[in-house]
Structures are given as C-alpha cells and as structure tokens.
1. Set the Förster distance to 22 Å, then compute FRET efficiency between residue 160 and residue 98 from the Cβ-Cβ distance, nearest 0.05.
2. Tell me, 244, 112 in order of fewest to most beta-carbon neighbours within 10 Å?
3. Given the pairs 83/177; 177/297; 81/270; 98/129, which are separated by over 18 angstrom at their Cα positions?
4. Lysines within cross-link reach of residue 201: Cα-Cα under 17 Å, excluding same-chain residues under 8 positions apart?
5. What FRET efficiency do you get for residue 260 and residue 283 if R0 is 25 Å and r is their Cβ-Cβ distance, rounded to the nearest 0.05?
6. Only counting other Cβ atoms within 10 Å, I'd like 222, 156, 107, 87 sorted with the fewest neighbours first.
7. How much length, in nm to one decimal, is gained on full extension between residue 57 and residue 216, taken as 0.36 nm per residue of separation minus their Cα-Cα distance?
8. Based only on other Cβ atoms within 10 Å, what is the fewest-to-most ordering of 268, 201?
Amino acid sequence: MRLSRSVFVLLLVVASCGLATARTCSGNDLWFAGYSTPVFAAAANSFETHNGPLTMSIVKTPTDGGIKEDFPFRFKARFEKWKAELLSTDIGREQWEKFAQNKQFVLTIEISDQRGRGAGTDNFEWDNKGNFVGATIMLGADLEDGFPDPVYYPVLNSLASEPAVYTINGRIVAATKITHELGHVNQVAAANMQAVQLQNKLIPLYNSIFLKNGLKTTDQRLLELEKQMGGTPVVIWESREYWSEVNAMLYLNERISGEEFYCHVFKKIKSNLDSYAREYGKRFAEQAGPRNIPCWK
Ligand SMILES: [Zn+2]
C-alpha cells in the first residue's frame with residue numbers, strides 16, 4: 001500500500017501518541033536533528049513532535065505575571081546570551097516585552113539537559129473566564145546546536161552552517177528557535193479556549209477511528225470530525241509548525257539582514273518550502289514579500 005505523506009505522518013503521529021492521555025502525548029516540538037532522508041526525517045521528527053492534545057489547565061488569574069525563568073543557575077549565562085540576541089531585534093523585543101509586562105499572564109521558561117538541541121511549548125493555562133493566562137517554553141541546554149528537518153522546519157533548517165562558505169553563530173540559532181516557540185504561544189493566544197478544547201477532544205477520537213478503519217481518511221466520520229476541528233490532526237499540527245516558522249523567519253530577516261550569509265539562508269528557506277511545503281509557500285511569501293527580501297527567489 002502506498003501511503004500519502006499526510007497518511008504516513010498521521011500513522012507515525014498515532015504510533016507515538018496513540019490514544020494516550022494529554023499528559024503523555026502533548027505539546028509541540030520535541031524534535032531532534034540527525035535523520036538522513038527527508039521522509040524519515042519528517043517521520044522521525046513527527047514521532048517526537050506529534051500533534052497530540054495540548055496540555056490545558058484552568059488556574060486563577062495571575063496578578064504578578066511576566067516572564068519567569070525557571071531553570072538551574074548554571075544555565076543563566078547562556079540564556080542571557082540567547083536573550084540578548086532575541087532582544088537585539090525589534091520583533092524579538094516586542095514579543096518578549098509583551099509577555100514580560102503582562103501581569104495577567106505567566107510565561108515560564110525552562111531549560112534542561114534532557115531537551116538537548118530541541119525545544120517545546122506546552123502547559124497552556126486559562127482562567128475561569130476563558131482568558132489565556134499562562135504557557136511554558138522548554139528549551140534544551142544545547143539549543144545552539146542542531147537543525148531539524150527541512151520538511152516541517154524550513155526556516156530552522158536553513159541555519160545549518162556551510163563550513164567552507166560561512167558559519168552562523170550558535171546564539172543566533174538559539175534565538176531563532178526561541179522565536180519559533182514564542183510563535184506557538186502567540187498562536188494559542190490568538191485562538192479561543194473552546195477551539196483548543198474541541199481539538200483536544202476530537203483528535204484522539206479521529207486517531208482511534210483512523211486506526212480501526214483501515215487508514216481511510218475518506219471515512220465519512222473522519223470527514224465530519226475534520227470539519228468540526230478545522231482540519232485533520234496532521235493539518236492542524238503542521239499548520240501550527242509553519243506559523244511558528246513564519247515567526248522565526250521574520251526574526252531572522254531582521255537579525256541577519258547585514259550578514260554575509262543572509263541570502264544563503266533565505267534562498268535555502270525558499271528552496272525548502274518549494275521542495276517540501278509548496279502548499280504553505282504562499283503564507284511565507286505573504287510575509288516575506290512586503291519586506292522586500294532581496295534574495296527571496
Ligand atoms: Zn514548533
């Protein structure tokens with residue numbers, strides 16, 4: 001049986017998430033680099049990244065919110081360097097300050113060795129009036145290294161250095177990954193709680209029917225769920241990733257515009273999109289176009 005890309009990824013998503021609870025199957029971006037072929041890179045990354053339900057909870061509205069750095073002191077120095085890279089751009093500063101100054105929202109930043117070169121965003125919180133009031137970004141201690149696959153991470157992937165031609169500072173890589181994660185928080189902030197709850201409820205149901213029906217995405221029940229959720233679980237997940245990649249691209253456009261490798265990076269982003277995500281190219285082009293990125297062709 002030949003599987004389409006979306007069915008193939010969905011299978012891996014189901015294999016990793018199964019019918020698990022939100023606790024064991026949640027969040028975005030638990031990826032690792034190092035896979036050699038695009039299809040398996042996507043699959044392997046999906047295996048880690050998956051599109052399971054986001055972890056949601058209802059909490060009291062915070063009154064002393066802002067950004068909470070919740071990590072061991074030994075990570076402090078490197079985090080300050082990543083943050084300085086982020087804050088050296090208007091886009092990074094605006095997004096950071098928006099959270100830093102919001103007393104009714106807690107953005108928690110964690111750093112751990114276990115995350116390695118990856119990152120993730122989860123533990124989304126709302127208050128009982130439905131206001132979005134908290135999220136956690138989890139960063140790997142080795143965030144300066146590692147480039148996820150080009151299929152779902154066309155922007156982060158473009159930062160791999162070409163040793164003979166140019167080298168990109170790891171701090172820029174780390175800051176770009178943080179911008180990608182901020183993109184996830186921004187997206188949930190823009191969604192409403194009911195929509196996220198509905199997706200959380202229906203995704204496991206969709207996966208369970210899909211596994212039992214012989215992997216037929218044309219099943220009427222699945223089409224109905226798709227309509228209610230606004231897409232298949234894979235489409236919902238990949239759309240989240242590509243929006244976060246748009247955020248990463250906008251940061252890069254500002255941060256590296258004066259660097260000799262600017263065009264190398266943006267040509268690679270464009271080529272990754274053309275090769276693996278043609279249907280999302282318009283989303284990126286709409287953001288890139290008005291900014292007159294000179295090498296966007
Ligand atoms: Zn992501």
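1. Working: r = 30 Å, r/R0 = 1.37.
Rounded to the nearest 0.05, the efficiency is 0.15.
2. Details: 244 27, 112 13.
Lowest count first: 112, 244.
3. 177/297; 81/270; 98/129
4. 227
5. Working: r = 28 Å, r/R0 = 1.11.
My answer for the efficiency is 0.35.
6. Values: 222 18, 156 30, 107 21, 87 15.
Fewest-to-most Cβ neighbours within 10 Å comes out as 87, 222, 107, 156.
7. Values: separation 159, 0.36 × 159 = 57.24 nm, distance 3.31 nm.
Going from the current span to full extension adds 53.9 nm.
8. On the way: 268 20, 201 12.
Arranged by neighbour count, lowest to highest, 268, 201 become 201, 268.
Taken together, the values in this text are just the output of simple stated rules run on the coordinates, not laboratory data. All figures in this text were calculated on a predicted structure; none of them were measured in a lab. Reconstructed Cβ throughout: ideal geometry from the backbone, glycine too, with neighbour counts over all protein chains shown.
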